[in-house]
Amino acid sequence: MSKVTIIGGGVSGLAAGIYAQLSGLESEIFESHTVIGGQCTSWKRKGFHIDNCVHWMTGTSPKKEIYQVWEDVGVVGDGCKMISHDYFLQVDIDGIKGHAWRDLDKMEAELLSVAPEDKKVIHKLIKAIRDFQNIELPALKPKEQMGFWDNMKLLWKMRKAIPVAVKYGKMNIGDLAQMFQSPIIRQIIYNYVPETYFAISTLYMYAMFAAGNADLPLGGSDSITLKMRDRYLQLGGKISTKKKALSIDIEGSRCKSVNFEDGTTAEVENLICATDISVTFKLIGDKYMDDHFRFCYANPDKFPVFSDLDIYYAVDVPTDDIPTMEIFNCEPYTVAGRDCKTIIVNNFADQPGFAPEGKGIIEVLVVQYDYQYEYWEKLYADREAYRAEKMRIAQEVLQRLEKHYPQYRGKLSVIEAVTPKSFNRYTGAYKGSYMGFIQTHLVKKETHPGVLPGLDNFYLAGQWLQTPGGLPNALVTGRFAIQRLMKRENILQQFCCKKNTFLSKK
Ligand SMILES: Cc1cc2nc3c(=O)[nH]c(=O)nc-3n(C[C@H](O)[C@H](O)[C@H](O)COP(=O)(O)OP(=O)(O)OC[C@H]3O[C@@H](n4cnc5c(N)ncnc54)[C@H](O)[C@@H]3O)c2cc1C
């Protein structure tokens with residue numbers, strides 16, 4: 001039986017492990033942290049559940065390819081409950097509200113009533129979202145293994161989405177937002193992502209939501225990673241935590257062994273690195289970096305990375321009258337040298353058990369650009385100053401929350417603040433990035449081939465391989481890594497999953 005060693009127990013590493021087991025390979029996952037899950041994580045603080053990842057998960061519609069992959073790894077399907085909201089977010093600018101509704105007719109009608117002056121562009125926007133519902137993230141085979149008919153099938157499925165991709169592919173979110181006069185519609189387009197994201201990402205979000213292909217797993221991030229962990233263990237996989245890889249021994253074109261911080265070594269037959277890509281190149285050495293990643297690192301304007309400052313507030317009473325996700329404008333406040341004029345609130349009221357009985361928990365997200373990472377990193381050198389600054393921002397935000405939600409005055413308290421430096425410390429994330437390189441509208445969208453020149457038994461998995469990262473991309477790259485390995489090693493893919501998606505007769 002062939003063996004595969006997987007470094008990194010995030011969603012991509014777990015997916016690779018599950019597909020390795022499904023394919024009859026023997027596998028082991030080595031994770032540096034005490035728990036698996038990577039960026040898809042949560043923890044307890046003062047009796048509250050801090051969910052520091054999933055706000056939405058794509059792939060929840062059985063009509064989409066990716067659903068089959070989530071089903072294979074045990075995250076959707078029988079016994080897995082999803083929370084389906086009616087709207088993705090509510091925007092409130094000076095008391096006037098607008099929503100990104102799941103029902104596009106309702107969204108169009110509301111936007112027209114809020115901003116009749118934008119009538120023409122509203123129609124175009126809604127049509128673009130409608131047509132974009134046909135977009136498909138190829139999830140069953142890596143690009144190079146797709147044959148003529150696979151490509152034809154994909155093109156046919158996406159026939160309505162392609163013209164939208166061509167039309168809006170050259171714009172960033174800022175460009176798209178500027179087509180509207182209404183500040184409410186502009187904010188709906190900006191959503192909670194940076195304005196330099198490519199415009200298609202907003203269309204994609206709302207299209208997936210409208211298509212019933214984006215929901216929230218009941219139980220949040222834990223329900224994703226714990227189900228994947230259980231599935232992997234049930235299939236006979238092995239997980240070793242507190243195993244930080246420090247280096248990989250390479251002889252000729254083959255990885256021979258992995259050396260861990262605890263002084264142990266694991267011999268390697270096939271190796272999948274499912275760590276943050278910056279960690280991967282530390283382990284194997286920069287000389288194996290290919291042109292794609294060299295270009296990304298050398299051109300941060302074209303391939304920026306982003307992160308978040310996430311602040312969590314305990315609420316003394318239930319938070320039923322705070323929207324699920326809301327963005328409102330406020331007095332400016334400064335974070336890491338940048339003025340913020342909005343507050344983005346995420347309410348966990350519909351996740352049972354996230355707050356003690358009779359209480360609530362909300363999160364405020366503040367987007368952080370890559371230049372702001374340096375600020376947090378420097379500040380972290382002085383822990384007192386770092387903690388004090390987090391608290392200062394948290395208190396400033398709290399004042400604005402109390403102004404916007406006066407019924408909660410005196411009932412909010414800060415329980416946690418997570419910075420880009422935190423993501424870096426816990427998962428090794430490059431500049432604290434939570435989505436990998438963001439391909440802007442300035443470059444052609446490409447997926448990485450998942451292997452590196454000069455290494456024969458080495459495969460990549462993880463959010464950095466496919467834009468714009470996130471859980472679905474992490475998931476499919478784990479599957480693709482095993483498909484690439486099987487192909488290269490000329491092994492018959494033995495296992496037939498529920499829907500036959502992984503069977504390949506060579
Ligand atoms: C705040 C936040 C909100 C998010 N919200 C969403 C969302 O709503 N929807 C969505 O789709 N995505 C979301 N994401 C993104 C999503 O969580 C990530 O894209 C995904 O989890 C990445 O998985 P991965 O396996 O590629 O990488 P990671 O999760 O980074 O996994 C890499 C693993 O490797 C381990 N590791 C690192 N170095 C070593 C080493 N030397 N030795 C051994 N192990 C090592 C790490 O500890 C980690 O467990 C969010 C992320 C964050 C942080």
In debye to the nearest 20, how big a dipole does the chain give about its Cα centre with +1 on each Lys and Arg Cβ and -1 on each Asp and Glu Cβ?
-> 1160
Cut-off under 5 Å, modelled amide H: who pairs with GLN368 long-range | SER307, ASP308, LEU309
Let me know the charge dipole size of the range 306-432 about its Cα centre in debye, to the nearest 20, where only the beta-carbon of Lys, Arg (+1) and Asp, Glu (-1) is charged.
-> 340
About its Cα centre, the range 85-211 carries a charge dipole, from +1 on Lys and Arg Cβ atoms and -1 on Asp and Glu Cβ atoms, whose size in debye to the nearest 20 is 580
Most positive-pole-ward Cα, GLY252, VAL451, ILE491, against dipole of the chain from beta carbon charges | ILE491
If Lys and Arg each add +1 and Asp and Glu each add -1, what is the summed charge of the other residues whose beta carbon sits under 12 Å from the beta carbon of GLY219?
-> -1
Going fewest to most other Cβ atoms within 10 Å around each Cβ, PHE306, PHE354, PHE437 line up as PHE354, PHE306, PHE437
Under the Karplus relation 6.51 cos²θ - 1.76 cosθ + 1.60, θ = phi - 60°, what is the ordered set of whole-Hz ³J(HN,Hα) values for the range 79-85, x standing for Gly and Pro?
-> x, 9, 9, 10, 9, 10, 8
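So if the hydrodynamic radius of the range 351-506 is defined as the Kirkwood radius over C-alpha pairs, what does Stokes-Einstein give as its diffusion coefficient at 25 °C and 0.890 mPa s, in µm² per second?
Using the Kirkwood radius from Cα pairs, D works out to 124 µm²/s.
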Relative contact order for the chain, counting Cα pairs under 8 Å that sit 6 or more residues apart, in percent | 22
How large is ³J(HN,Hα) for each residue in the range 364-369, as worked out from phi by the Karplus curve 6.51 cos²θ - 1.76 cosθ + 1.60 (θ = phi - 60°), to whole Hz, x for Gly and Pro?
-> 10, 9, 10, 4, 10, 7
Cα lying deepest toward the dipole's positive end in the chain, options GLY410, VAL364, HIS123, charges on Cβ | HIS123
Listed highest first by mean packing, meaning other Cβ atoms within 10 Å per residue, what order do 66-72, 166-172 come in?
-> 66-72, 166-172
For LYS244, list the aspartates and glutamates whose Cα falls under 20 Å from its own Cα; do not include residues on the same chain fewer than 8 positions away.
-> GLU28, GLU31, GLU261, ASP262, GLU267, GLU269, ASP276, ASP286
Would you mind counting up the charge near GLN178? Only other residues with Cβ under 13 Å from its Cβ, with Lys and Arg at +1 and Asp and Glu at -1.
-> -2
Given the candidates THR225, GLY285, ALA161, the one whose Cα lies deepest towards the positive end of the charge dipole of the chain, counting +1 at each Lys or Arg C-beta and -1 at each Asp or Glu C-beta, is ALA161
Express the C-alpha Rg of the chain as a ratio against the empirical globular expectation 2.2 N^0.38 Å, rounded to two decimals.
-> 0.96
Relative contact order of the range 1-152: what whole-number percent is it, with Cα pairs under 8 angstrom and at least 6 residues apart?
-> 14
Around ILE18: net Lys/Arg minus Asp/Glu count, Cβ-Cβ under 9 Å | +1
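Every number here is computed from the coordinates shown, using simple stated rules; none is lab data. Remember, predicted model here, so these are calculated numbers, not experimental data. Heads up, the Cβs are rebuilt from the backbone with ideal geometry, glycines too, and the neighbour counts pull from every protein chain shown.
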